[in-house]
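The values are calculated or read from the model by the stated rules, or taken from the named source; none is laboratory data. Keep in mind it's a predicted model, so treat the numbers as computed, not measured. Backbone-built Cβ (ideal geometry, glycine too); neighbour counts: all protein chains shown. In case anyone asks, the SASA skips ligands and DNA or RNA and just uses the protein heavy atoms, side chains included. Shrake-Rupley method; radii C 1.70, N 1.55, O 1.52, S 1.80 Å.
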Amino acid sequence: MTDMDSDTAMRLAAFAHIKKLVEIRDGLSASDLAAGFQFGGVRIPLINPRRGIFRPTQMRYVLSIKTVFPKPGGRVWYDDQREVHGQIFAGVDTIEYAFMGRDPGAADNRWLREAFENRVPIVYFLGIAPGRYQAFLPVFITNWDPEALKVDIAFGLPESQVLAPPQNEIERRYALRIVKQRLHQASFREAVMQAYGGRCAVSGLPEARLLDAAHIVADADEMLGHAMVPNGIPLSKIHHAAFDAHLIGIDADYRLHVSPQLLEQNDGPMLEGLKRLQGVNVHLPKRAKDYPDRDRLSLRFERFKAAY
């Protein structure tokens, strides 16, 4: 097997491993990435914990790049740490990724140039919270600029069976729109879950895989923009479904209401659990600025009442 064939085989194995992780996790933790993946009985890392550009020793080309989400009050080392979310939501075709240091000839930066020259598909681990990442793949380096000390990155079409860069502006814009949607959903969920300590605001359930970050009202300006925690509330999947179906409502004083349709039914412990929510207050975040917005709750509650 040639170096090129071996690199491709390992790359595809890495992509398959990441896709499986994403199926069962809403965001990838630093430990998820540190575990790497198995290929031919050997563990191959996905990232370098201390550097943003990573090429495993077993591979010919760079496998991944990452941008960390700075901790509150933490130092921002590179502009892309601060600006990448804004670049994505601003709607440009590509985003920028900073070189490692100021020497274009440094090994990390040469790896970026080689990926650019050979149209190599790579993974972008984009921070959505401290120690939490969304994985975007494939992405492609579309320009290598030694004077500006940066590269341009285009997102590939996730459903495409061919790992090739977008062929035109329409494909680039379509791919970027998918990324915007995913990033907004992930950022919104992460922010809401952190605000509420990872628990359902109704039941207190702490199992992340059974929780959704529900919008109180749909906000067209927010859908492809930054997350607004006061327009969200963490709900277990059954409570989310009941909230969306107007079977339960939340008024502006944070009290729960159960629809007459449910209150009149008698059909087992699950239904009884929902009926007992009548008049109960939802759990609120620690910070008052993260409380559900009263105006949004009022609007949503009017829709709940209008349903009956």
Among 253, 103, 267, the residue with the largest mean-square fluctuation in a Gaussian network model of the chain built from Cα contacts under 10 Å is 267
Note down the relative contact order for the stretch 155-295 as a percent, whole number, built from C-alpha pairs under 8 angstrom at least six residues apart. 21 percent
Evaluated over the stretch 21-140, the Cα radius of gyration and Dmax, each in Å: 14.4, 43
Solvent-accessible area per residue for the chain (1.4 angstrom probe, square angstrom): 51 Å²
Quote the convex hull volume per residue of the stretch 1-66, based on C-alpha atoms, as a whole number of Å³. 81 Å³
P(r) of the chain in 10 Å steps, Cα pairs, percent per bin? 6, 24, 28, 20, 14, 7, 2, 0
Note down the nm distance, to one decimal, between modelled labels 7 Å out along Cα→Cβ at residue 57 and at residue 2. 2.6 nm
Which order do you get for 64, 6 if you rank them by accessible area with a 1.4 Å probe, largest at the top? 6, 64
Relative contact order, percent, of the chain when contacts are C-alpha pairs under 8 Å separated by at least 6 residues? 12 percent
Mind scanning 180/305; 19/275; 237/305; 19/305 and naming the pairs with a C-alpha gap bigger than 31 Å? 180/305; 19/275; 19/305
How large is the accessible surface of residue 174 in square angstrom, using a 1.4 angstrom probe and rounding to the nearest 10? 110 Å²
D for the stretch 130-201, whole µm²/s, Stokes-Einstein with Kirkwood Rh over alpha-carbon pairs at 25 °C and 0.890 mPa s: what number? 171 µm²/s
Residue 150: which aspartates and glutamates have alpha carbons under 18 Å from its alpha carbon, excluding same-chain residues fewer than 8 sequence positions away? 79, 80, 83, 93, 96, 103, 108, 114, 117
Apportionment of accessible area to carbon and sulfur, the chain, percent (1.4 Å): 52 percent
